[in-house]
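Engineer: Quick one: the structure is below, questions incoming.
Taken together, the values in this text are just the output of simple stated rules run on the coordinates, not laboratory data. Quick caveat, the model's predicted, so the values are computed rather than measured. Cβ sites come from the backbone with ideal geometry, for glycine too, and all protein chains shown count toward neighbours.
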Amino acid sequence: MKKNHGQGLAEYAILLALIAVGIALILQLYGISVYEAYCSVADRVSGGKACQPDEICGDDFSSDLSGWTTLEGKPGNTLNGAYCPSSYTRVINKCSTNGSLEDYTVSLNGANLTSGWGYGLMFRAENTPNGMNGYVFQYDPGYSPGSFIFRKWVNGRELSVPFAVAKAPNYSWYNAPRDIEVVVDGNTFTAYVDGKAVLTATDSTYTSGGSGIRTWDSTLVCFDEFEMQSNP
Amino acid sequence: MSFEESPTLDEYKGGLPEKMPDPSAQKKRVRFILGILLAVVLFLGGANFLQSEAGSLLMGTGAIRGKVVDAQGSPFQADVFVIGVEQIISAAPDGSFFMERIPAGEQSLVVANATSGQEYPVKITAGQTLDIGQVQFVVAVTPGAGQ
């Protein structure tokens, strides 16, 4: 009798395990991480205290650019706690390339564009033997008539057609410090400027990678702080 | 079954029931559900595997041919590759290209020069060659500006 009773318990345990595995597989099929699903439920129960964001990487630009790798052009300089890249460069944060970071929130605070065609915040980026793979969110007054865009890079080539565009013809692009943030969550990316969502897009090409900064043409811009956090 | 769980004589005062209760019925139900769940998990696992790179290779590979032209319709000797596939080939001087060993399924073909590229969605069928005809490559003059 005891043997039969024990066998039943084992079957219930297998039943629960199969249900758990099934739910995890369904979430994976839809590109949702189990941790995020847990956090979204736990946060509702605990009033948003269950999964606080952790800082992954950061640079307040109080010292030199030793924490960055230059992929293209000249990196520029730090000055008085700000990073002012040269007018044509791509740099990637070394810390962000440690491990295979998947979902995170990356921000550039106090980004002040004074002239030129704009700048970009790279994410899920990696440098391969064929060149850079990854995505870029661009604060891009040069993309007529002035737009926020998401671009994709493949084998060191920038795909000429952005995969998402939000035109902002009357936006004040210059001489105003902006806080730029991109939330990278599964295959969905949302860009914020000064806390306001300006562009959302989905793409499934790249699932992990680091973050960096790019400028082009005659851009003159300075940044106060770079920060990467786990998603809340 | 313990003594306390034994039926009383009152339950059988009208005689033995036609169909005796099956003590293993619940166990059978649980095993049936277990079997169904196992099948569902195996199906979901298979679907996840087919989405992976190894899974797509298991589905077989195909090939693609076409011709790259520039904005004026002249042959363009572009670099050609498929996103997620390591090989990069160069189109011939007449713009024609042929690429093999592309995993079957929905793929993105890119025609590019050294700095920029154009993406074309394609569907590769295992064991077949897809002829996409002409694909245009337009040089982006200034990255990020006014295209």
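Engineer: Ignore the peptide's own chain and count Cβ atoms of other chains within 10 Å of each Cβ in B:23-35; give me the average, rounded.
Structural biologist: Numbers: counts 1, 1, 0, 1, 4, 0, 0, 5, 3, 0, 4, 5, 0.
So the per-residue partner count for this stretch is 2.
Engineer: How large is the dipole of chain B about the Cα centre if only Lys and Arg carry +1 and Asp and Glu carry -1, each at its Cβ, rounded to the nearest 20 debye?
Structural biologist: Numbers: 10 positive and 15 negative charges, 55 e Å.
About 260 debye.
Engineer: Let me ask something else. Go ahead and run the numbers for FRET between B:Val40 and A:Asn170, Cβ-Cβ distance against an R0 of 56 Å, rounding to 0.05. Write out the running numbers ahead of the final one.
Structural biologist: On the way: r = 53 Å, r/R0 = 0.95.
With R0 = 56 Å, the Cβ-Cβ based efficiency is 0.60.
Engineer: Also: Tell me, what ³J(HN,Hα) does each residue in region A:180-196 have, in order and in whole Hz, if you take phi through Karplus 6.51 cos²θ - 1.76 cosθ + 1.60 with θ = phi - 60° and put x for Gly and Pro?
Structural biologist: Ordered by residue, 3J(HN,Hα) equals 9, 9, 10, 9, 9, 9, x, 9, 10, 10, 10, 9, 10, 10, 6, x, 10 Hz.
Engineer: Short version: ³J(HN,Hα) in whole Hz for each residue of region B:6-22, in order, from phi by Karplus 6.51 cos²θ - 1.76 cosθ + 1.60 (θ = phi - 60°), x for Gly and Pro, what are they?
Structural biologist: 5, x, 7, 5, 4, 5, 10, 5, x, x, 6, x, 4, 10, 6, x, 8
Engineer: Mind sorting B:Leu109, B:Leu34 by how few other Cβ atoms lie within 10 Å of their own Cβ, fewest first? Walk me through the numbers before you get to the answer.
Structural biologist: On the way: B:Leu109 24, B:Leu34 15.
Fewest to most other Cβ atoms nearby, the residues stand as B:Leu34, B:Leu109.
Engineer: Under 13 Å from the Cβ of A:Asp194, count the other residues' Cβ atoms, weight Lys and Arg +1, Asp and Glu -1, and hand me the total. Before the final figure, lay out the partial values.
Structural biologist: Values: positive: A:Arg178, A:Lys196; negative: A:Asp179, A:Glu181.
Here the charged neighbours net out to 0.
Engineer: Around B:Ser116, which amide H atoms from residues at least 5 apart in sequence, or from another chain, sit under 5 Å from its own amide H, with H modelled in the peptide plane?
Structural biologist: A:Glu158
Engineer: Just the number, please: percent antiparallel of the DSSP beta bridges in region B:1-130, rounded to the nearest 5.
Structural biologist: Values: 22 of 24 bridges.
Around 90 percent of the beta bridges assigned by DSSP in region B:1-130 are antiparallel ones.
Engineer: Skipping prolines and chain starts, which residues have an amide H placed within reach, meaning under 5 Å, of the one on A:Ser147, given they are 5 or more residues away or on another chain?
Structural biologist: So A:Ser147 has HN proximity to A:Asp140, A:Gly142, A:Ala168.
Engineer: Still on this model: Rounded, prolate or oblate: pick one for the protein assembly as shown, where a ≥ b ≥ c are the square roots of the eigenvalues of its C-alpha gyration tensor, a/c under 1.5 means rounded, and failing that, prolate if a/b is larger than b/c, else oblate.
Structural biologist: Values: a/c = 3.34, a/b = 1.75, b/c = 1.92.
Oblate, because a/c is 1.5 or more while a/b does not exceed b/c.
Engineer: Now a separate question. Amide H of A:Val198 versus every other amide H placed in the peptide plane: which residues, excluding those fewer than 5 positions away on the same chain, fall under 5 Å?
Structural biologist: Close amide H contacts, sequence-distant or interchain: A:Ala191, A:Tyr192, A:Val193.
Engineer: Now for a separate question. Give the separation of the Cα centroids, region A:112-140 to region B:25-93, in Å.
Structural biologist: 28 Å
Engineer: Using a 10 angstrom cutoff on alpha carbons, build the Gaussian network for chain A and name the most mobile of A:Leu199, A:Leu15, A:Leu27.
Structural biologist: Highest fluctuation among the options: A:Leu15.
Engineer: To the nearest whole number, what is the average tally of beta carbon atoms from other chains within 10 Å of the beta carbons of peptide A:109-118? Intermediate results must be reported in sequence, preceding the final value.
Structural biologist: On the way: counts 0, 0, 0, 0, 0, 0, 0, 2, 5, 2.
That average works out to 1.
Engineer: With θ set to phi - 60° and the Karplus curve 6.51 cos²θ - 1.76 cosθ + 1.60, what are the ³J(HN,Hα) couplings of region A:115-126 in order, to the nearest whole Hz, using x for Gly and Pro?
Structural biologist: For region A:115-126, the Karplus curve yields 6, x, 9, x, 8, x, 10, 7, 8, 6, 9, 8 Hz.
Engineer: Helix B:25-51 sits at what angle to the longest principal axis of chain B, using alpha carbons and giving 0 to 90 degrees rounded to 10?
Structural biologist: Taking the Cα atoms of chain B, the angle to B:25-51 is about 10 degrees.
Engineer: Among the listed pairs A:Lys152/B:Lys123; A:Lys94/B:Lys67; A:Lys152/A:Lys196; A:Lys94/A:Lys196; A:Lys74/B:Lys67, give every one whose C-alpha distance is greater than 31 Å.
Structural biologist: On the way: A:Lys152/B:Lys123 20 Å; A:Lys94/B:Lys67 40 Å; A:Lys152/A:Lys196 23 Å; A:Lys94/A:Lys196 28 Å; A:Lys74/B:Lys67 37 Å.
Result: A:Lys94/B:Lys67; A:Lys74/B:Lys67 exceed 31 Å.
Engineer: Along the Cα→Cβ direction, 7 angstrom out, place labels at A:Ala37 and B:Ala126. What is the inter-label distance in nm?
Structural biologist: For A:Ala37 paired with B:Ala126, the spin-label model returns 2.9 nm.
Engineer: Assuming R0 = 35 Å, can you tell me the calculated FRET efficiency for the pair B:Ser96 and B:Met59, based on Cβ-Cβ distance, to the nearest 0.05?
Structural biologist: Working: r = 27 Å, r/R0 = 0.77.
After rounding to 0.05, the efficiency reads 0.80.
Engineer: Averaged over its residues, how many other protein chain Cβ atoms are within 10 Å of peptide B:96-105's Cβ atoms? It would help to have the intermediate numbers written out before the result.
Structural biologist: Working: counts 0, 0, 0, 0, 0, 0, 0, 0, 0, 0.
Partner-chain Cβ atoms within 10 Å, mean over residues of B:96-105: 0.
Engineer: Sorted from fewest to most neighbouring beta carbons within 10 Å, what does the list A:Met132, A:Met122 look like? Please report the intermediate quantities before stating the final value.
Structural biologist: Values: A:Met132 23, A:Met122 28.
Starting with the residue having the fewest Cβ neighbours, the order is A:Met132, A:Met122.
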